[in-house]
1. Since A:Leu28 meets every condition but one in (1) without any contact (Cβ under 8 Å) to a residue 24 or more places away in the chain; (2) in contact with a Leu (Cβ under 6 Å, 6 or more places away or on another chain); (3) not basic (Lys, Arg), which condition does it not meet?
2. Just to verify a result, which residue in the range B:91-136, among those that are over 21 Å from B:Phe15 (Cα atoms) and among the small types (Gly, Ala, Ser), is modelled with the lowest pLDDT?
3. Return yes when A:Leu91 is facing another protein chain (nearest Cβ under 10 Å) and crowded, with 22+ Cβ neighbours inside 10 Å and no when it is not.
4. Restricting to the range A:135-166, name every residue that is of a type in the set (A, V, I, L, M, F, W, C), out of contact with any Phe, Trp or Tyr (no Cβ under 7 Å at 6 or more places or on another chain) and outside any helix (DSSP H, G or I).
5. State which residue is farthest from the other protein chains (Cβ to nearest Cβ) when the search covers only the range B:137-157 and only residues that are surrounded by 19 or more Cβ atoms within 10 Å (Cβ to Cβ) and among the β-branched types (Val, Ile, Thr).
6. With the structure loaded, tell me whether A:Leu86 is touching a residue at least 24 places away in the same chain (Cβ under 8 Å), facing chain B (nearest Cβ under 10 Å), surrounded by 20 or more Cβ atoms within 10 Å (Cβ to Cβ) and under 21 Å from B:Thr158 (Cα atoms) or whether it fails that test.
7. Could you check the range A:102-134 and list, in sequence order, the residues that are facing chain B (nearest Cβ under 8 Å) and part of a helix (DSSP H, G or I)?
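The values are calculated or read from the model by the stated rules, or taken from the named source; none is laboratory data. Quantities reported herein were computed from a predicted structural model and do not represent experimental measurements. Reconstructed Cβ throughout: ideal geometry from the backbone, glycine too, with neighbour counts over all protein chains shown.
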Amino acid sequence: MREIVLSVEQLTVYRETYAAVQDVSFSLESGIDTAIVGPNGAGKSTLVQAILGILPRQSGDVFILGQPLSCRGSLAPAIRQQIAYLPQNFLFDRRIPMTVEELVGLGWDKLGFQLPWKDHRKRRHAIREALVRVDAAHLMHKMISGLSGGETKRVLLAYCLVRPRRLLILDEAPAGLDVRGESEFYQLLYQLKREQGWAILQISHDLDMVRRHCDRVICLNRTLLCQGTPEVALSSDNLSAAYGSEFVRYRHRH
Amino acid sequence: MTELTRIIELFQLPFMQRALLGGILTGLMGGMLGSFTILRQLSFFSDALGHSALLGISIGLLIGINPSVVLLPFAVCFALGVTYLLERTRLWTDALLNIIYSSSLAIAVIVLSFVGQYKGGLNNLLFGDILAVRELDLVFSGLLLIACTVFIGLTLRTQMLLTLHEPLAIARGVSVSAQRTAFIVLLSLVVGISIKAIGVLLVSAFVVIPACAARLLSRTFTNYVVLSAGLGALSAVAGMLISAAFNLPSGPSIVATQLVIFLTTMALPQLRALGHG
């Protein structure tokens with residue numbers, strides 16, 4: 001039996017005055033890739049950010065690897081180390097001087113009080129290994145401001161895998177890439193998933209990709225509309241409930 | 001030669017030595033915290049804090065407490081108050097800071113009109129007097145430098161991630177508000193302690209200019225922070241020497257030196273290109 005990596009119970013999150021996510025419950029097992037789908041404004045990013053403790057929740061519980069996420073969003077540091085998160089748009093100030101090596105290294109660090117030179121060799125070795133695995137070793141000394149969109153995504157994957165993780169949370173991770181870049185990104189992601197045994201929770205707008213790759217789908221439109229295998233959750237009836245009947249007719253025509 | 005002897009003799013005087021050491025300590029602290037301040041777009045915060053400090057000083061004078069004693073608690077309260085306001089209101093940071101500092105300045109001038117003629121003179125408040133730095137000031141500055149180094153040193157990676165991408169840092173369990181408050185408090189202490197030497201008008205230069213020069217020279221974040229602190233100290237030493245050599249006001253001489261260093265770093269790529277050409 002697979003271990004439960006993430007368990008969300010009756011989660012409700014408010015954005016200003018309205019419930020952006022209401023009474024959502026689901027769980028995620030190790031090695032399983034789950035996609036969250038739904039129209040714009042359905043609360044997908046809100047859900048993910050509440051699971052990570054970035055947004056406060058109104059009610060409900062979140063358990064990651066059996067440990068509760070506190071109401072203020074704090075989680076035992078040892079559990080935090082097991083999660084990696086890639087935001088929808090990794091927008092940063094390009095004037096910040098930072099190399100790829102430094103960015104990937106931040107994924108390795110435990111981010112408490114620590115001497116900057118602690119475990120220097122081990123850290124450097126882990127950074128190099130991670131960059132080799134995403135085929136970006138040649139970028140190690142490059143400044144992150146000079147990376148292309150595809151290179152940035154690969155470097156961010158190295159940031160995720162520089163330490164062993166159990167849960168990867170992606171918010172439309174390939175956003176901003178062209179068709180080829182997106183396909184390369186998913187190829188690399190699923191290769192790494194097989195190697196690392198990651199459980200993945202990802203927000204996606206690409207229903208064809210979800211159908212091809214994901215094990216489970218959660219349909220969300222503020223409340224949880226349905227969940228199950230892609231065949232079940234992405235059936236015409238369920239899609240029509242999530243996106244509206246117009247959308248389903250459009251998809252059938254194309 | 002006689003000029004050099006005169007400068008050497010000048011730096012044998014205890015008040016000049018204290019001024020030099022005070023300048024170095026301020027340069028190191030300002031440069032170190034300044035490197036994060038400019039990336040987090042808080043440069044205007046240090047400027048506003050400097051200007052508003054005049055209010056703290058004038059209140060001190062009105063109630064008969066030494067301005068140096070009032071400055072640090074005032075700076076910390078001001079910083080915490082501004083941080084609270086910035087988090088609570090939906091206004092733009094620079095607009096809000098402008099409201100706060102111009103009104104503080106206005107109230108300070110009104111309060112000063114009740115105090116009558118301040119014997120230290122308004123000039124010293126505005127531009128500082130690094131030659132009046134006492135041993136106790138140096139002890140405070142030294143302790144604050146240690147506090148800044150320990151804080152930045154031990155949380156360097158957290159500060160880096162927080163500066164680069166806040167949501168990524170929160171997802172890793174970093175408490176943004178705690179880190180932000182700690183940084184702002186340290187920055188306000190550095191600005192507060194530097195005002196006596198450099199004055200309310202020039203204090204933000206110590207935070208902003210060396211950091212900008214270091215940014216132009218750096219490829220890695222760690223080098224950038226170290227270089228920023230180094231350039232802060234270097235400009236203090238060079239500025240004090242120039243001030244002694246040409247008998248110029250000390251604080252402004254240091255700031256002018258910082259500007260020269262900054263302009264040089266801006267021109268370096270062109271100079272290198274010329275050299276290769």
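1. All conditions pass for A:Leu28, except number (1).
2. First, the residues of the range B:91-136 that are over 21 Å from B:Phe15 (Cα atoms): B:91-118, B:122.
Checking the rest, the ones that are also among the small types (Gly, Ala, Ser) come to B:95, B:102-104, B:106, B:108, B:113, B:116.
Details: B:Ala95: 91, B:Ser102: 92, B:Ser103: 93, B:Ser104: 91, B:Ala106: 93, B:Ala108: 89, B:Ser113: 85, B:Gly116: 70.
Among residues in the range B:91-136 that are over 21 Å from B:Phe15 (Cα atoms) and among the small types (Gly, Ala, Ser), the one modelled with the lowest pLDDT is B:Gly116.
3. Details: facing another protein chain (nearest Cβ under 10 Å): yes; crowded, with 22+ Cβ neighbours inside 10 Å: no.
Judged against the criteria, A:Leu91 is not a match.
4. The answer is A:Ala136, A:Met140, A:Met143, A:Leu147.
5. Per the criteria, the residue is B:Ile152.
6. Numbers: touching a residue at least 24 places away in the same chain (Cβ under 8 Å): yes; facing chain B (nearest Cβ under 10 Å): yes; surrounded by 20 or more Cβ atoms within 10 Å (Cβ to Cβ): yes; under 21 Å from B:Thr158 (Cα atoms): yes.
Answer is yes for this residue.
7. A:Glu102, A:Leu103, A:Gly105, A:Leu106 - these are the residues of the range A:102-134 that are facing chain B (nearest Cβ under 8 Å) and part of a helix (DSSP H, G or I).
Listed here are the residues, each with its yes/no results for (1) of a type outside the set (Asp, Glu); (2) in contact with a helix residue (DSSP H, G or I) (Cβ under 9 Å, 6 or more places away or on another chain); (3) buried (at least 24 other Cβ atoms within 10 Å of the Cβ).
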position: B:Gly23; (1), (2), (3): yes, yes, yes
position: B:Gly31; (1), (2), (3): yes, yes, yes
position: B:Ile38; (1), (2), (3): yes, yes, no
position: B:Ile57; (1), (2), (3): yes, yes, yes
position: B:Leu62; (1), (2), (3): yes, yes, no
position: B:Pro73; (1), (2), (3): yes, yes, no
position: B:Tyr84; (1), (2), (3): yes, no, no
